[in-house]
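No lab work stands behind these numbers, since they all come straight from the coordinates. Model, not experiment: these values are computed from the prediction. Cβ atoms come from the backbone with ideal geometry, glycine included; neighbour counts cover every protein chain shown.
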Amino acid sequence: MAELQISFLKRARFSRILGTTEPWCPLDDRERLGMIFAWLKGYIVTDETGLSAEHFLEGQNDGSARKLLADAIRSRQPLEQSILDALANLIDPTSSTTHEPDRMLVFKFRSRGKRANRIRKGEIFSFIRKFVEAGTQVESAVAEAMAKFNLSRAEVYKIWTLSKEVHDEAIRQSEEKAPK
């Protein structure tokens, strides 16, 4: 069986982190650091012949490590310099002080297909809302938006309806949180 060679983690605990045993157990700080580091830089597996190979987290482990890194960044606690260096090398591989990294950080959309343009929809919603707040009937405001933005009535109404629901919910939540 392959043996994980990671100096900063106990081998048995790392196998648990990778989901082979008791994945529900909470991780301590050292394990979190190890999981993040394994995601950023990979880890070494030595096979039964004694040869080592670099591996990277995949599947559920990849997602878990991403979440751990995001949580660490959001925590406002200082990050280990080794994590910052590994992240910097993924962003700018030419600045690596140790070696030429094989991997790089790539930003891509989470899904395929046509992208929802929230800014555009927000501007259309605001356009209609200004008319409605000034006393214009919704139907007339929609007609103005249709003419200005060259959209069908169905498109404009869909934007108005969905955006209004989100807008109204946001106002309701802010009123609930306001001190009384």
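Worth a mention:
- At most 14 other Cβ within 10 Å, DSSP loop - chymotrypsin sites (Phe, Trp or Tyr not before Pro), segment 93-167: 107, 109
- Rounded to the nearest Hz, the phi-derived 3J(HN,Hα) couplings of segment 76-88 under the Karplus curve 6.51 cos²θ - 1.76 cosθ + 1.60 (θ = phi - 60°) are 6, 8, x, 8, 4, 4, 5, 5, 4, 5, 5, 5, 4, where x marks glycine and proline.
- Cβ-based exposure ranking for 92, 102, in which fewest neighbours within 10 Å come first: 102, 92
- Gain in span if fully extended, residue 126 to residue 81, counting 0.36 nm per residue against the direct Cα distance: 11.7 nm
- Semi-axis lengths, largest first, of the ellipsoid equivalent to segment 27-165 are 51, 17, 15 Å, with √(5λ) applied to each eigenvalue of the Cα gyration tensor.
- Unsatisfied cross-links (Cα-Cα over 31 Å) in the set 41/108; 114/164; 148/177; 41/114; 108/177: 148/177; 41/114; 108/177
- For segment 124-140, Karplus couplings with θ = phi - 60° (6.51, -1.76, 1.60), whole Hz, Gly/Pro x: 5, 4, 4, 4, 5, 4, 4, 5, 5, 5, 7, x, 6, 5, 4, 4, 5
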